[in-house]
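Single-structure report; data block below.
What follows is calculated from the coordinates using simple rules that are stated; it is not laboratory data. Note that the structure is a prediction, hence the values are computed from the model and not measured. Here Cβ is always computed from backbone atoms with ideal geometry, including for glycine, and neighbour counts include all displayed protein chains.
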Amino acid sequence: MKKYTFTEKKDTRSGFGDAMTELGRNNPSVVALCADLTGSLKLDDFKQENPERFLQVGIAEANMIGIAAGLAIADKVPFTTTFANFSTSRVYDQIRQSVCYSEKNVKICASHAGLTLGEDGATHQVLEDLGMMKMLPGMTVINPCDYNQTKAATLAIAKHVGPVYLRFGRPVMPIFTAPDQKFEIGKAWMVNEGKDVSIFATGHLVWEAIKAGEILEAQGIDAEIINIHTIKPLDEEAILKSVAKTGCAVSAEEHNKLGGLGESISHVLSCNDPKPLEIVAVQDTFGESGTPDELMKKYGLTAEDIVKATLKVIQRKK
């Protein structure tokens, strides 16, 4: 198995913030809007350097989406920013009507997603957002895995024409992808080639999948690990090619098992090449307060849980 190491850890939201600073300097069309969370979204530098292109709308998320849609009509590239829960659940009608139905070039950028928001608890830990966003016609949905990939994804969506939902988080995570990577929307990234099982992971669970692959290697199992950073459009070709080789699959995500990556992969397999699949995800429940590590363990989202799912699915293909 290819070895991945890291010398530094950073939160993925900092990758977003640093990319926004770069966009502020290089793309005069980019406008940032924030719902009273400038520091949390790492937008202080963008705000300081581009005060005329920064809008603090306050705790008025629905209004923020409406303003962004208007800016898009004026050929601006608006990036709306707040916590993932407030970026989706609170403003779903506005996103559906004013952004997707109207095909507006709005980038909905959502931090503090999933259980790893931690101590803020269930009211802030959105676990349904990927499903909500991927169901909207015309919406691109992206969930990068580390600081470097989040930065690259942010730069990439600024060039993409159309609605985008970009999801990232608060916890400090290992940086293991290349700083000069080319981020291709809709193209999965091969983390490690293998022959015994396909492990498809997204977001923070990619690093857990890598750790799981090392544990499995010690047990004589050669896992193919693929980073599905784009939930929609899904790289169906990469999924089918991998599973045709390995004969079984595991998906891993920091999201409800309903509506997320696993469900999308299940649909692809059932329609094209039915093979055993195990889904590592939150089991249709809300979260709770706790540290990120405690919650990942309690809700079954660790490398060890991916290993268990892998051993189970390998038995199913025999």
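Check which residues have an amide H placed less than 5 Å from Val197's amide H, if you skip close sequence neighbours.
Amide H neighbours of Val197: Glu224.
Each residue of the stretch 166-179 in order: what ³J(HN,Hα) in whole Hz does its phi give by Karplus 6.51 cos²θ - 1.76 cosθ + 1.60, θ = phi - 60°, with x for Gly and Pro?
Taking θ as phi minus 60°, the curve returns 10, 10, 8, x, 9, x, 6, 10, x, 9, 10, 9, 6, x Hz for the stretch 166-179.
Starting with the fewest neighbours, write out Tyr101, Tyr165, Tyr92, Tyr147 ranked by other beta-carbon atoms found within 10 Å of each beta-carbon.
Fewest-to-most Cβ neighbours within 10 Å comes out as Tyr101, Tyr92, Tyr147, Tyr165.
Output ³J(HN,Hα) for the stretch 242-257: one whole-Hz value per residue in order, computed from phi by the Karplus curve 6.51 cos²θ - 1.76 cosθ + 1.60 with θ = phi - 60°, and x for Gly and Pro.
Taking θ as phi minus 60°, the curve returns 5, 5, 4, 7, 8, x, 6, 8, 10, 10, 9, 7, 8, 6, 4, 5 Hz for the stretch 242-257.
Based on the mean of other Cβ atoms within 10 Å per residue, sort peptides 115-125, 223-233, 63-73 so the most packed one is first.
Going from most to least packed, we get 223-233, 63-73, 115-125.
Given R₀ = 30 Å, what would the calculated FRET efficiency be for Lys9 paired with Ser29, taking r from the Cβ atoms and rounding to 0.05?
FRET efficiency, Lys9 to Ser29: 0.35.
Principal axis lengths of the stretch 72-145 from Cα atoms, whole Å, largest first?
40, 23, 22
Between the stretch 90-130 and the stretch 186-228, how far is it from one alpha carbon centroid to the other, in angstrom?
The distance from the Cα centre of the stretch 90-130 to that of the stretch 186-228 comes to 27 Å.
I want the antiparallel fraction of DSSP beta bridges within the chain, as a percent rounded to 5.
Here the antiparallel bridges make up roughly 20 percent for the chain.
Sort 248-255, 7-14 by packing, meaning the average of other beta carbons within 10 Å per residue, with the highest value first.
Output ranking for 248-255, 7-14: 248-255, 7-14.
Across the stretch 19-27, in residue order, what do the Karplus-derived ³J(HN,Hα) couplings come to in whole Hz, using 6.51 cos²θ - 1.76 cosθ + 1.60 with θ = phi - 60° and x for Gly and Pro?
Per-residue couplings from phi come out as 5, 5, 4, 5, 5, x, 7, 10, 10 Hz.
Between helix 303-316 and the chain, what is the angle of the helix's C-alpha long axis to the longest principal axis, kept within 0 to 90° and rounded to the nearest 10?
50
Tell me the relative contact order for the chain as a rounded percent, counting alpha carbon contacts under 8 Å between residues six or more apart.
With pairs under 8 Å counted, the relative contact order is 19 percent.
For the chain, how big is Rg over Rh, using alpha carbon atoms and the Kirkwood form of Rh?
Ratio of gyration radius to Kirkwood radius: 0.97.
How big is the antiparallel share of DSSP beta bridges in the stretch 10-174, given as a percent to the nearest 5?
10
What 222 nm value per residue comes from the helices of the chain, counting each DSSP H run with n ≥ 4 as -39,500 (n - 2.57) and dividing by all residues, nearest 500 deg cm²/dmol?
-11000 deg cm²/dmol
As a footprinting exposure proxy, order Asp284, Asp75 by other Cβ within 10 Å, with the fewest listed first.
Least to most surrounded, the residues fall as Asp75, Asp284.
So for each of 175-181, 202-208 I average, over its residues, the number of other beta carbons within 10 Å; can you give me the resulting order with the highest mean first?
The peptides rank, most packed first, as 202-208, 175-181.
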